[in-house]
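The structure under discussion appears below in the form of structure tokens.
The values are calculated or read from the model by the stated rules, or taken from the named source; none is laboratory data. Keep in mind that this is a model prediction, so the values were computed, not measured. Because the Cβ atoms are built from the backbone with ideal geometry, glycine has one as well, and the counts that use them run over all protein chains shown. Areas reflect the complete protein model, heavy atoms only, side chains present, ligands, DNA and RNA absent. Shrake-Rupley method; radii C 1.70, N 1.55, O 1.52, S 1.80 Å.
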Amino acid sequence: MVQMSKQYNWDLSFQGWVLSGFGFGYISSQVVGGTAAIRFGGRRVLLLAVFAWSLATFLTPFFAHFKNTMIITRFFLGLAEGFALPSIFQIFSEHVPKEERAKAFSYLVSGGSVGQVVASVFCPHLSWKASFICFGSIGLAWALLWLLFLMKCDEKPKLLEHAFPLPKASSVHWSEFISHSSLLAIYVAHFCMNCSNYTIMSWLPTYLDRIFKAKPDEMSLTALPYVFNSVVGVIAGHYADYLISRKSWTTLSVRRTMTSIGLVGPALFTLLFSFSNDVALAVFFISVSMGLCACNSSGHLSNHVDVAPNQASLTFAVSNTLVQTIFSIPSIKLFGFFAIP
């Protein structure tokens with residue numbers, strides 16, 4: 001975003017629209033993606049999602065000089081990515097037993113962090129056009145490999161014993177998705193998690209560039225928050241499943257504890273970040289914040305499958321849609337106006 005905005009003279013207001021374009025697309029497809037995952041299988045929907053967003057990424061440099069087209073490209077990128085997580089939640093609900101769910105979700109979150117690390121390290125040393133083409137090509141290659149994998153696999157899920165029986169999808173009224181007490185608690189936790197995550201992911205490079213006048217080599221430090229997020233997430237996931245498998249803690253107690261660590265810890269260190277006046281110190285505080293935030297993967301994120309294993313893709317889709325609509329799109333846009341001079 002920094003290189004593109006300088007080349008095309010984008011002001012912070014337009015940068016906010018570009019970043020928000022992704023969010024508008026993302027919230028538009030969550031529930032559709034969750035429904036499609038239940039009907040057609042999470043694996044097939046994931047293939048479609050990765051192919052579509054990789055293609056949108058690959059084509060971005062060819063449309064960036066047109067402002068309106070740039071926003072549309074970002075919209076379609078978000079639209080495609082909106083199918084991905086609901087489909088993954090459906091895959092996990094069908095194939096991962098309760099005692100291994102925290103690990104599964106921790107590796108899911110950590111995998112995203114690894115991608116952020118790679119991008120943060122290499123992108124400052126590449127032209128922005130090369131970055132889009134490179135990562136878009138990697139995604140298209142992955143989609144091809146996933147297609148070959150699907151051709152050899154049976155889409156039918158393994159039969160797993162859930163902790164308690166749930167009604168079939170057809171018997172669940174839509175009002176349950178926005179009124180059930182357990183789901184509402186998950187939605188609130190999801191909202192609080194995104195309050196820090198999305199702002200950091202969207203604006204940290206620009207913040208370091210504007211406030212600290214960070215050099216290209218210092219920009220590489222933006223990889224550290226994702227390293228912390230990846231490592232802590234995996235450790236927390238293994239430890240959470242260990243507690244559950246040993247029967248020393250109930251599943252609910254583990255989910256509540258991990259969610260509490262994942263929300264309170266980041267809040268404290270993000271506050272410290274706001275008072276820092278040094279690039280290294282600022283990145284350190286944000287890194288610890290992102291690391292502790294990864295505990296949420298063993299907390300409320302895993303709880304979707306515990307509470308509604310037959311509907312996990314839809315409960316997450318509803319949660320993500322509400323959170324994105326209420327916070328992510330407005331905050332990303334407003335942060336550019338008020339937090340960065």
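Quick notes
- Once the Cα-Cα distance is subtracted from the 0.36 nm per residue extended length, the residue 173 to residue 212 segment shows a gain of 8.9 nm.
- Test item: Cα-centred dipole of the range 33-131, Lys/Arg +1 and Asp/Glu -1 on Cβ, debye: 160 debye
- Among 293, 134, 153: highest mean-square fluctuation, GNM of the chain, C-alpha pairs under 10 Å: 153
- Using the Cβ-Cβ distance between residue 150 and residue 121 with R0 set to 45 Å, the FRET efficiency works out to roughly 0.90.
- Taking 47, 145, 108 as the candidate residues, the one with maximal mean-square fluctuation in a Gaussian network model of the chain, Cα springs under 10 Å, is 145.
- Within the accessible area of the chain (1.4 Å probe), percent carbon and sulfur: 70 percent
- Highest-fluctuation residue, 55, 263, 252 considered, GNM on the chain with Cα pairs under 10 Å: 252
- Length added when fully stretched, residue 68-residue 142, from 0.36 nm per residue minus Cα-Cα: 23.7 nm
- For residue 108, net neighbour charge (Lys/Arg +1, Asp/Glu -1) across residues whose Cβ lies under 13 Å away: +1
- Geometric extent, Cα atoms of the range 6-118 - Rg, Dmax (angstrom): 16.2, 52
- Exposure rank, largest accessible area first [129, 103, 213, 152; 1.4 Å]: 152, 213, 129, 103
- For the chain, the solvent-accessible area of protein heavy atoms averages 48 Å² per residue (probe radius 1.4 Å; ligands and nucleic acids excluded).
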